[in-house]
Amino acid sequence: MPNYNYKVRLHGIRAFAFDVDGVMTDGSIIAAPDGELIRIFNAKDGFAFRMCRMKGYPVAIITGGTSEGIVSRFSSLGVDKADIYQKSRDKVPDFLDFCNRHGLKPEEVAYAGDDIPDIPVLKIAGLSVAPADAVPEVKDICDYVSLYLGGRGLARDLVEQVLKVHGDWNLDTEVYSKLF
């Protein structure tokens, strides 16, 4: 049952973890002739990742998919390559590895997922988040169901809320210019 007072949990969040297909994208995948799978990402979601990097919030990508495009996209936004977990069929060990590597407790990490393989992580994360178009089984267990669709602002919504609660949603253009 969703926690309708999820905003209380925002205060304890120190890091983020995201699925890719259906969360960071709308779930559409284009298969190129060379076998590369092409995804479309939202620039506003990307800016939120850069704000995380500038403010020191670790971010993990935990996806069942695999693609150099995934690594390229999230590395360019400041996500450490060691925090990009691909071919993740059982996402809990990868989520816990991310927590351990950054000295975090699972309850200090917000996780956003949209489909059944995300449920085990959503159940142990400090804040479980679903896009508006997640499958019903995911929406039923999440603390927060965003008004935004996957790939259409969900990550920005979540990150902005957490950073605002912590007083970190402000842009230092000098730091931004140096990092990106």
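The values are calculated or read from the model by the stated rules, or taken from the named source; none is laboratory data. If you're wondering where the values come from, they're calculated on a predicted model, not measured in any experiment. In this analysis, Cβ positions are derived from the backbone assuming ideal geometry, glycine residues included, and neighbour counts consider all displayed protein chains. These accessible areas exclude ligands, DNA and RNA; they are computed on the full protein's heavy atoms, side chains included. Shrake-Rupley method; radii C 1.70, N 1.55, O 1.52, S 1.80 Å.
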accessible surface per residue for region 64-159, probe 1.4 Å, DNA/RNA/ligands not counted, whole Å² -> 43
Tell me the carbon and sulfur percent of the accessible area for region 1-102, rounded to whole percent, probe radius 1.4 Å. 52
If unit charges are put on Cβ atoms (+1 for Lys and Arg, -1 for Asp and Glu) and the dipole of the chain is taken about its Cα centre, the option from Phe180, Ser146, Ile70 lying farthest towards the positive end turns out to be Phe180
Based on the alpha-carbon gyration tensor of the chain and its eigenvalue square roots a ≥ b ≥ c, which shape applies: rounded if a/c is under 1.5, prolate if not and a/b is larger than b/c, or oblate? rounded
Percent accessible area from carbon and sulfur atoms, region 127-180, protein chains only, probe 1.4 Å: 51
Within region 139-165, name every residue whose backbone N is under 11 Å away from a label modeled 7 Å from Cα of Ala132 along the Cβ vector. 146-150, 152-154
Extending each Cα 7 Å along its Cβ direction at Tyr176 and Leu147, get the distance between those two points in nm, one decimal. 2.3
Within the chain, longest stretch free of exposed trypsin sites (Lys or Arg not before Pro) [DSSP loop, at most 15 other beta carbons within 10 Å]: 90-180
